[in-house]
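Asker: Pasting a structure here, questions to come.
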Amino acid sequence: MAYSPIDNGSFLPGTSGDASAWDSLISNDGQIYRDLVSVYAGTLHTFSTSATSATTIATFALPANYDELPFVVKFGYALTGGASSAIVTFQVTDGSASDTSTVTVTAASGQDVVVVTPSSTSASSTPRYGILKLHTGGAGSAHIAGFVASLVPAAAASGLLDSGYASVGSTWNAANAPIPSRVVERLQNNPYLIAKDRPNMVFSFIDQITGTGAKGSSSTDSTENVVVLKPCFAKQQHKTKKYRMWAYVERSSDAEANVFITIGGYSVYVLDNHGIMTTTFDASGSIMNASPASNTVHIRVSSGSGFVSLRTLQIIEEPS
Amino acid sequence: MGLKAPGYNPTSPLHSYVNTLPVAANASYPSSIDALQHSLATAGHHYGEALGVHATAGTYVLSWPVRPSVVYVQITILMQGNGTITIDSTNNGTAKTWTTEGKADHIEAAYALKTSGLPGDGATSPLKVRSSAAWTWTEETVTIVLSGAGTIHSIAFDPVWEAQSI
């Protein structure tokens, strides 16, 4: 079963409290909660290692999900050089606690998933983040060829959930009774509460974390701003909304980075740091939908020496 | 039964409606709730997304989540330099191909390539990602092949929201 659109003609003046239209709305409320996917991150890059112990290859933000539904990473993979297996570890952390899951793949190539159900970690206004690790079972090399991180929706638990959502029972609809205000309120608020707990990414760039000080495709040792990426965006709603910029910067030596994004002539930046660098900003569709060729991502060394490498850059809807 | 258009009401950030008293059974309540639900399930919550990459010649595969009622997705590619890009999906009868020549191979000279947003199966139509409309979520394997010396910097996926049968 899935969300099923209702013929508007079923809503007639004087719709009774026990009319089937209410049951349809209650059913769709539950189905949307059960079905609605949130897409957090994605990449087309290939991530490779010949390490035989778990090696971090990527990290990305996993915002909201106060209801602790499972996170999934769906990935393509390949084994080369005589490798017989690869072990993919997906760790979700809130900065202190972690939830971890592992999957072992043995085919020469294919697609697989690794799922983490949060239990130890907690959602907060600061996004949790996922760490993807990879190693081989012995000889050869393991490669992950692109992945998408998303939410695995499930039927709502009973009672009032941490997101604020609560299922609506259908036992209230006594014949000819007025509609209880709590039912109307619930059904009106639930869509917003679901949306708030399932923000989607707008943009996602994820490159391999080397951990060895090696440069990548978006690295510089310059103290002047260097354009490392040209992002374009899918069309966004014209209403002004809050978004989150979430970046992860690797460095060598003691270099710190400035990351600077220009979106439709609007500037967003995080300054003089490394590791996770995040901020929020407000933008409207007329900004996000502006000429794609004018958008740029700059990075530079702001202090210290060495080079800095942009490994992750996500722009995510920010509940507000 | 008829067609139902996508719902464009923004469903986030949170808006709250509070009714404090029992209310008479009035058609405005179920219809407004239905509009919200339809918006959340369709265009009110699921704008497109874009992937940033540094993709040189090669084949790239993505599993793209297809939203309820969506059959087509408009593709925008931000490209640097020259090359041939082909993008295809399992359900698409016509792969989308662009070949560019004479472009400066410099990041500041990146340019956009895009399909139209008008549903159809022509060479310039949006990419078909589902054989026919359904109100369920699904996933579609999208394959991007780049040949030549150019670099892809970003690929944006814009769902094309059409009215669909109910």
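Asker: Would you point out which residue out of B:THR84, B:THR76 is under 30 Å from A:HIS298 (Cβ atoms), in contact with a Lys or Arg (Cβ under 9 Å, 6 or more places away or on another chain), of a type in the set (S, T, N, Q) and outside the structural domain of B:TYR8 (by TED's automatic domain parsing)?
Answerer: Details: B:THR84 fails: in contact with a Lys or Arg (Cβ under 9 Å, 6 or more places away or on another chain).
Within the list B:THR84, B:THR76, the selection yields B:THR76.
Asker: Residues that are surrounded by fewer than 17 Cβ atoms within 10 Å (Cβ to Cβ) and either more than 14 Å from chain A (Cβ to nearest Cβ) or among the small types (Gly, Ala, Ser) (or both), at least 2 per element: which strands (runs of 3 or more DSSP E) completely within the range B:42-110 meet that?
Answerer: On the way: elements: B:49-55, B:58-66, B:72-80, B:83-89, B:96-100.
Once the strands (runs of 3 or more DSSP E) in the range B:42-110 are filtered for at least 2 residues that are surrounded by fewer than 17 Cβ atoms within 10 Å (Cβ to Cβ) and either more than 14 Å from chain A (Cβ to nearest Cβ) or among the small types (Gly, Ala, Ser) (or both), what remains is B:83-89, B:96-100.
Asker: Sticking with this structure for a sec: How many residues, within the range A:221-231, are more than 12 Å from every other protein chain (Cβ to nearest Cβ) and either closer than 15 Å to A:GLY304 by Cβ or among the β-branched types (Val, Ile, Thr) (or both)?
Answerer: Matching residues across the range A:221-231 total 3.
Asker: Take residues that are of a type in the set (Asp, Glu), in contact with a Pro (Cβ under 7 Å, 6 or more places away or on another chain) and surrounded by 17 or more Cβ atoms within 10 Å (Cβ to Cβ) and tell me which of the strands (runs of 3 or more DSSP E) falling wholly in the range A:227-320 contain 1 or more.
Answerer: Values: elements: A:241-251, A:256-263, A:266-273, A:275-283, A:296-303, A:308-317.
Per the criteria, A:308-317.
Asker: Under the condition of being in contact (Cβ under 8 Å) with a residue 40 or more places away in the chain and farther than 19 Å from A:ARG311 by Cβ, which residue from the range A:143-158 is nearest to the chain's Cα centre (by Cα)?
Answerer: In this case the residue turns out to be A:SER150.
Asker: Turning to a different aspect of this structure: Within the range A:40-67, how many residues turn out to be under 14 Å from the mean Cα position of the chain (by Cα) and over 22 Å from A:THR312 (Cα atoms)? First the steps, then the outcome.
Answerer: Applying the first criterion (under 14 Å from the mean Cα position of the chain (by Cα)) to the range A:40-67 yields A:40-43, A:58-66.
Keeping just the survivors that are over 22 Å from A:THR312 (Cα atoms) gives A:66.
Of the residues in that region, 1 qualify.
Asker: Residues in the range A:174-191: is at least one modelled with pLDDT of 90 or more, under 25 Å from B:GLU49 (Cβ atoms) and not in a strand (DSSP E or B)?
Answerer: yes
Asker: Restricting attention to the range A:19-47, which residues are hydroxyl-bearing (Ser, Thr, Tyr) and more than 26 Å from A:ARG128 (Cβ to Cβ)? I'd like the intermediate steps shown before the answer.
Answerer: Looking only at the range A:19-47, we keep the residues that are hydroxyl-bearing (Ser, Thr, Tyr), and these are A:20, A:24, A:27, A:33, A:38, A:40, A:43, A:46.
A:SER20, A:SER24, A:SER27, listed by residue number.
The values are calculated or read from the model by the stated rules, or taken from the named source; none is laboratory data. For clarity, every value in this text was computed on a predicted model and none was experimentally measured. Neighbour counts run over all protein chains shown; Cβ positions are idealised from the backbone, glycine included.
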